[in-house]
Amino acid sequence: MQDSPITPTVDFDRDGVQHGFLKLPHSHDTSAWGSIMIPITVAKNGEGPTILFTGANHGDEYEGPVALFDLAHQIKADELSGRVIIVPGMNYPAFQAGRRTSPIDGGNMNRVFPGDPEGTFTEKIADYFTRILLPLADYVVDFHAGGKTMEFLPFCCAHVLEDKEQQARCIDAMKAFNAPNSVMLLEIDAANMYDTTAENMGKVFISTELAGGGSTSSYTVGIAKKGIRNILRHAGITKGDLEVSDTLNLDMPDQRCFVFSETSGLVEHYIDLGDEVKTGQLIAKVHNIERTGVPPQEYYSGIDGIYMGRHFPGLITLGDFLGVVAVPM
Ligand code: ZN
């Protein structure tokens with residue numbers, strides 16, 4: 001296969017802390033021989049496992065980038081046994097623009113894996129992760145949040161995998177991360193995700209959804225930072241005991257967990273995140289905004305559980321995600 005067009009300015013095998021870039025040529029109107037410069041930090045000390053941290057797989061999700069830029073400038077090689085690779089802004093053009101997808105090619109990073117070295121810019125970045133970075137990693141932590149259109153109870157998640165031994169290692173990592181909620185996440189469509197690519201390579205993979213709305217809070221960034229400290233200790237890369245608080249274990253058994261809007265309009269919420277909900281209970285109404293006097297469309301939960309995520313903006317469009325209910329284990 002074609003070599004990646006991306007060149008790193010860091011040496012992944014060198015001991016010490018290096019701050020540099022993944023350099024992807026991008027010729028455009030204001031920079032004929034320019035490049036997309038994706039920041040990367042590599043911190044290594046001797047032999048040991050490698051952990052790969054990523055944020056801004058979706059460019060409008062901020063807890064991961066905040067915690068990872070903070071980690072990158074504070075990390076000290078002499079406190080490590082192994083290697084830490086930090087990419088705070090994975091889909092960097094999207095992150096710079098504050099958008100979920102790339103403004104250059106419209107690419108949604110988590111829907112283009114395994115990527116293509118001769119494809120779009122987003123596909124080229126994905127290909128670099130698939131063929132260069134993921135093979136270096138034993139542990140992979142990909143930070144997500146709800147972005148501008150969704151909001152979640154903050155959780156760390158693992159997936160149901162065919163390889164139960166690998167699944168157990170992922171669940172152990174999720175427990176070590178110790179977010180307030182730990183979820184066995186059911187994806188709407190797992191094809192072409194970074195998650196699936198990493199899991200198919202046998203990696204210990206965990207992800208998060210830490211609140212959302214396109215911003216952060218000290219609480220949610222604190223969850224990300226504690227999770228980073230814990231997973232580094234869990235992997236044996238740093239020393240120390242895990243910082244453990246209560247976590248609520250949640251499962252998503254099937255598609256009954258999801259509610260999607262079949263109307264466009266103004267959302268009126270009837271329950272809030274963290275509320276207990278019963279099958280058939282009213283979750284939200286969507287009011288027609290084109291005229292008065294039209295009864296709103298009502299939406300109900302398909303399962304008993306905890307209201308774990310919701311549509312964030314005040315207005316909603318036909319086909320949008322409206323809410324998700326997860327089941328305590
Ligand atoms: Zn995301």
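Only residues that are touching a Phe, Trp or Tyr at 6+ places or on another chain (Cβ under 8 Å) and more than 11 Å from the ligand (Cβ to nearest atom): list them for region 64-80, please. Pro65, Ala67, Leu68, Leu71, listed by residue number. Residues in region 2-9: is at least one over 24 Å from Cys156 (Cα atoms), modelled with pLDDT under 95 and either of a type outside the set (S, T, N, Q) or more than 15 Å from the ligand (Cβ to nearest atom) (or both)? Taking every residue of region 2-9 in turn, at least one turns out to be over 24 Å from Cys156 (Cα atoms), modelled with pLDDT under 95 and either of a type outside the set (S, T, N, Q) or more than 15 Å from the ligand (Cβ to nearest atom) (or both). Take Thr50 and tell me if it is within 16 Å of the ligand (Cβ to nearest atom), among the β-branched types (Val, Ile, Thr) and under 18 Å from Phe177 (Cβ atoms). Considered against the rule, which asks whether it is within 16 Å of the ligand (Cβ to nearest atom), among the β-branched types (Val, Ile, Thr) and under 18 Å from Phe177 (Cβ atoms), Thr50 comes out as no. Taken over region 12-53, the criterion of being out of contact with any Phe, Trp or Tyr (no Cβ under 7 Å at 6 or more places or on another chain) and of a type in the set (Ser, Thr, Tyr) is satisfied by Thr30, Ser31, Ser35, Thr41, Thr50. If we keep just the residues of region 270-304 that are without any contact (Cβ under 8 Å) to a residue 60 or more places away in the chain and at positive phi, which is least open to solvent (accessible area, probe 1.4 Å)? Among them, the one singled out is Gly280. Whenever a residue of region 51-69 is within 12 Å of Gly227 (Cβ to Cβ), its partners that are at pLDDT below 95, lying with C-beta atoms within less than 9 angstrom and at least six residues away or across chains, give the pairs Glu63/Ala211. Would you confirm, using the coordinates I've provided, whether Met174 is buried (at least 17 other Cβ atoms within 10 Å of the Cβ), within 16 Å of the ligand (Cβ to nearest atom) and assigned by TED's automatic domain parsing to the domain that holds Asp11? Criteria not met by Met174. The residues on offer are Asp15, Asp3, Asp78, and the sole one that is open to solvent by 60 Å² or more (accessible area, probe 1.4 Å), over 21 Å from Lys203 (Cβ atoms) and free of Cβ contacts under 8 Å to residues at least 40 places away in the same chain is Asp78.
Quick check on region 235-256. Is at least one of its residues among the aliphatic types (A, V, I, L, M), open to solvent by 60 Å² or more (accessible area, probe 1.4 Å), within 30 Å of Arg83 (Cα to Cα) and not in a helix (DSSP H, G or I)? Among the residues of region 235-256, at least one is among the aliphatic types (A, V, I, L, M), open to solvent by 60 Å² or more (accessible area, probe 1.4 Å), within 30 Å of Arg83 (Cα to Cα) and not in a helix (DSSP H, G or I), which makes the answer yes.
Given the criteria closer than 22 Å to Gly222 by Cβ, open to solvent by 60 Å² or more (accessible area, probe 1.4 Å) and touching a helix residue (DSSP H, G or I) at 6+ places or on another chain (Cβ under 8 Å), does Val66 qualify? When the stated conditions are applied, Val66 passes them.
In region 109-158, of all residues being more than 18 Å from Ile51 (Cα to Cα) and of a type in the set (Lys, Arg), the one that is surrounded by the fewest Cβ atoms within 10 Å (Cβ to Cβ) corresponds to Arg111. Ile104: outside the structural domain of Gly309 (by TED's automatic domain parsing), closer than 23 Å to Lys239 by Cα and not small (Gly, Ala, Ser), yes or no? Judged against the criteria, Ile104 is not a match.
Of the residues making up region 132-146, none is in contact with a Cys (Cβ under 8 Å, 6 or more places away or on another chain), of a type outside the set (Val, Ile, Thr) and farther than 15 Å from Asn192 by Cβ. For region 280-301, state whether one or more residues are in contact with a Lys or Arg (Cβ under 8 Å, 6 or more places away or on another chain) and under 9 Å from Val325 (Cα atoms). Checking region 280-301: at least one residue is in contact with a Lys or Arg (Cβ under 8 Å, 6 or more places away or on another chain) and under 9 Å from Val325 (Cα atoms). Remark: pairs (first residue in region 184-210, open to solvent by 50 Å² or more (accessible area, probe 1.4 Å); second residue outside any loop (DSSP other than H, G, I, E, B) and aliphatic (A, V, I, L, M); Cβ separation under 6 Å; 6+ apart in sequence or on different chains) = Met201/Leu134. Which of the residues spanning region 32-45 are open to solvent by 40 Å² or more (accessible area, probe 1.4 Å) and polar (S, T, N, Q)? If the condition is that a residue be open to solvent by 40 Å² or more (accessible area, probe 1.4 Å) and polar (S, T, N, Q), then Ser35, Asn45 are the ones that fit.
The values are calculated or read from the model by the stated rules, or taken from the named source; none is laboratory data. Everything numeric here is computed off the predicted structure, so don't read it as measured data. Positions of Cβ are backbone-derived with ideal geometry, glycine not excepted, and every protein chain shown enters the neighbour counts. Ligands, DNA and RNA are excluded from the accessible area calculation, which covers all protein heavy atoms including side chains. Shrake-Rupley method; radii C 1.70, N 1.55, O 1.52, S 1.80 Å.
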